[in-house]
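Reviewing the structure listed below.
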Amino acid sequence: MTIKKLDHKSAEGSKLNLEALYAIAPSCFTEVGDVGDKTLDVRGETLDVRGKTLEVEKEGRRVRMAVNFKILRQLLGDDAVETDRELYQFTWPGKQAARLEAASETTETLRPVPEESLDWDTTENIYIEGDNLRVLKLLQRGYMGKVKMIYIDPPYNTGNDFVYHDDFARSASEEDLATGNIDEEGIRYHRNTDSNGRFHSDWCSMMLSRLLVARSLLTEDGVIFISIDDNEVHNLRKICDEVFGERNFVAELIWAAGRKNDSKLISVSHEYILCYVKSLDTLKESQTTWRERKDGLDDIYKAYAQIKKAHPNDYVEQTKALKAWYKDLSDGHPAKAHKHYSKVDHRGIYFSDNISWPGGGGPKYDLVNPETGIKASTPSRGWITNEQTMKEWVSEGLVDFGEPGSVPTKKAYLKDRETSVPYSVFYKDGRTATKRLMEMFGRKVFENPKDEDIIYRLFNIGTDSDSLILDFFSGSGTTAHAVMQLNAEDGGNRKYICVQLPEETPEDSEARKAGYTSIPEIAKERIRRAGKKILETLDVRGKKLDVGFRVFKLDSSNFEEVSQAPGVYSQATLDLFLDNIKTDRTDLDLLFGAMLSWGVPLSLSQPMQTTEVDGFTIYNVNDGELVACFAENVTEAVVRAMAAMHPERVLFRDSCFAEDKMKINLFELFKQTLDWDEKEALDNIRVI
């Protein structure tokens, strides 16, 4: 029996798309053989895609599934579009290459860096250094459909922004090489200045490829927020309409960040935050609503507490004092917007709300004030509810009759209406975030950091208490800061994945003078300091707050490249490849690389366990989700100990077994111990 080797490549986007299409239209698929690509008739055949593969073994031949476009076109009917017709579309040079790049796989891996992490053994937060497109591909197997919210603040393409090095940017390579836009290997790594002939095209390609991969990570009720300004907001809307679907557009939020005096014509003092959901239908079916706590409430409650102390049980004087307090507020104070909540009774602060039927036609009946016996006036539009409910309201003291003979009102209490639908336009001084970060570090180590209070608000309305949040343009670490802040305040257990390219800080910058040579170094230190401050200043409600993070860095594959033709190698070279694992890679490198390949999340919910048996180390991930041993020549006692952990997946190094009979015994032992059948044993046991 042959143990299958674990595929160390990332998920291939084109296969993921095929699987999604097969799930809804299996009749348009056919088999393509491995000999001459002969197409086979598969009527009556059933393809199981749960194993995430579209390749099957049939009659001793390896065959793969492919789309028969003729049948697919028939299924689509009149909704299929001919490519030579005029179409409404948004395109640019390099768009097709960007799509292909998004669908391609990568052999790179993420290497764990415990020494740069905080609370490595217990944290569920992830911080990754590396090109975000490649990182997103590596995350697909383990996090597909698991991210509740994505927030990103990509380069705004102002002419001085950093542009990521993408393979699809190799068009016009001779020109690029001559001008220094790419290096000898064709890798782009430059500022996207407006003198570049493909100024907008390069930016659009960068965003399209990343959003295509990122969308697959969202839950069906997931949401993405993207910060942007006037330079590319029009293009970003079109890209997002294509990636997420125009019908899944929610809003274009406008953040008024404070007046600027650097313009001769119009002072542009705002930015945008685009909001799309994965599936608006899913949110409608679940009757999802987004609410946020109104600003200024804490100030109102604080003033009310002082007023009650000054006028105990005197609701008339309390009402007068509260109205006077509102009047003294400045027009810009957030509590001023709630000045209609100015009356007080034994239940608290309220305002007199309308009690008539909206639009007219409501029920009409007599309503008597039980305290005075005087009949109240009936509203011309009728009462807002039936007579029985109205009597219950009166008995509970929820109806304010006002002056004798007037139309009553319904008491609406502030404590019951603390939240509202978020507004699409809001004000927050953009300079305060820079000031707070400067105070944290003692100097200006980062230009224009995002405001953690704004990101906090987005997370508050769009996530649950245990949601996973992703930011793959994470910059100074604002997302991590906001997640910790929100968890501390509401007792949640949200987790984050932050990804940042290891861009170097400028030589003459304050950050470099302070010893920070790259943006990730600034971000990691910010997370450490922010977490420490939150623990010191906030009530975490007796719950352990996760302020740690696991650091991973993008690197080349853990395995040597052995794909060249046999004639290239000498016997001595081939001997080196008997073990194809690179000599500088550790057990942790292999373990986390295997987790990426096998779809095990890096954000472990339980501490990793290690067990020593016969001098060999066994790794137990998430209480049996993956059990691995990478030692040479393992003993039967090791195998039995691994089986006793009741694993879902088992991983060995191919060189673990001195003899082939050990592999046979291995299968039998796991089958007997865990009651696996032949197929389960083949699927659940892998070697690298």
Cα→Cβ-extended label distance, 7 Å offset, between residue 403 and residue 294, nm: 2.6 nm
Partner lysines for residue 9 [C-alpha distance under 24 Å; skip if fewer than 8 residues away on the same chain]: 52, 137, 146, 553, 582, 679
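Give the peptides 475-486, 100-111 in descending order of average Cβ contacts within 10 Å, highest first.
Ranking, from highest mean packing down: 475-486, 100-111.
Under the 0.36 nm per residue contour assumption, what length would be gained going from the current alpha-carbon distance of residue 234 and residue 535 to full extension? Can you show the working numbers first?
Working: separation 301, 0.36 × 301 = 108.36 nm, distance 4.14 nm.
Taking 0.36 nm per residue and subtracting the Cα distance, the gain is 104.2 nm.
Of the accessible area of the range 477-519, with the probe set at 1.4 angstrom, what percent is carbon plus sulfur?
That fraction is 45 percent.
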Loop-located GluC sites (Glu not before Pro) in the range 476-537, at most 15 other Cβ atoms within 10 Å (DSSP): 503, 507
Model label zone, residue 633; criterion: amide N under 13 Å from point 7 Å along Cα-to-beta-carbon; scope the range 658-684: 658-659
Overall form of the range 380-528 per C-alpha gyration tensor (a/c, 1.5; a/b vs b/c): prolate
Within the accessible area of the range 275-426 (1.4 Å probe), percent carbon and sulfur: 49 percent
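With a 1.4 Å probe and every protein chain left in place, work out the accessible area per residue of the range 579-648 in Å², rounded to a whole number. Mind showing how you got there, number by number?
Working: 2730 Å² over 70 residues.
Solvent-accessible surface per residue comes out at 39 Å².
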Estimated FRET transfer efficiency when R0 is 45 angstrom, pair residue 580-residue 246 (beta carbons, to 0.05): 0.45
Partner lysines for residue 364 [C-alpha distance under 28 Å; skip if fewer than 8 residues away on the same chain]: 343, 375, 391, 410, 411
Added length on full extension, which subtracts the Cα-Cα distance from 0.36 nm per residue, residue 371 to residue 645: 91.4 nm
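Counting only other residues whose beta carbon sits under 15 Å from that of residue 311, what net charge do I get with K and R as +1, D and E as -1?
Numbers: positive: 308, 309, 320, 323, 343; negative: 314, 317, 345.
Residues close to residue 311 contribute a combined charge of +2.
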Of 450/533; 495/533; 327/435, pairs whose Cα-Cα distance is over 21 Å: 327/435
Two-site FRET efficiency, residue 416 against residue 19, from Cβ-Cβ distance with R₀ of 45 Å, rounded to 0.05: 0.40
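Could you give the accessible area per residue of the range 257-324, probe 1.4 Å, as a whole number in Å²? Please report the intermediate quantities before stating the final value.
Numbers: 4510 Å² over 68 residues.
Accessible area per residue, the range 257-324: 66 Å².
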Those lysines that a straight Cα-Cα span of less than 16 Å connects to residue 513, excepting residues fewer than 8 apart in one chain: 444
The range 464-526 - accessible surface per residue (Å², probe 1.4 Å): 30 Å²
Equivalent ellipsoid, the range 352-436 (semi-axes from 5 times Cα gyration tensor eigenvalues, Å): 39, 15, 11
Those chymotrypsin sites (Phe, Trp or Tyr not before Pro) in the range 306-409 that DSSP places in a loop and that have at most 15 other beta carbons within 10 Å: 365
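The values are calculated or read from the model by the stated rules, or taken from the named source; none is laboratory data. None of the values given here were measured: they were computed from a predicted structure. Every residue, glycine among them, receives a Cβ derived from its backbone with ideal geometry; neighbour counts consider all protein chains shown. All accessible areas refer to the heavy atoms of the entire protein, side chains included, with ligands and DNA or RNA removed. Shrake-Rupley method; radii C 1.70, N 1.55, O 1.52, S 1.80 Å.
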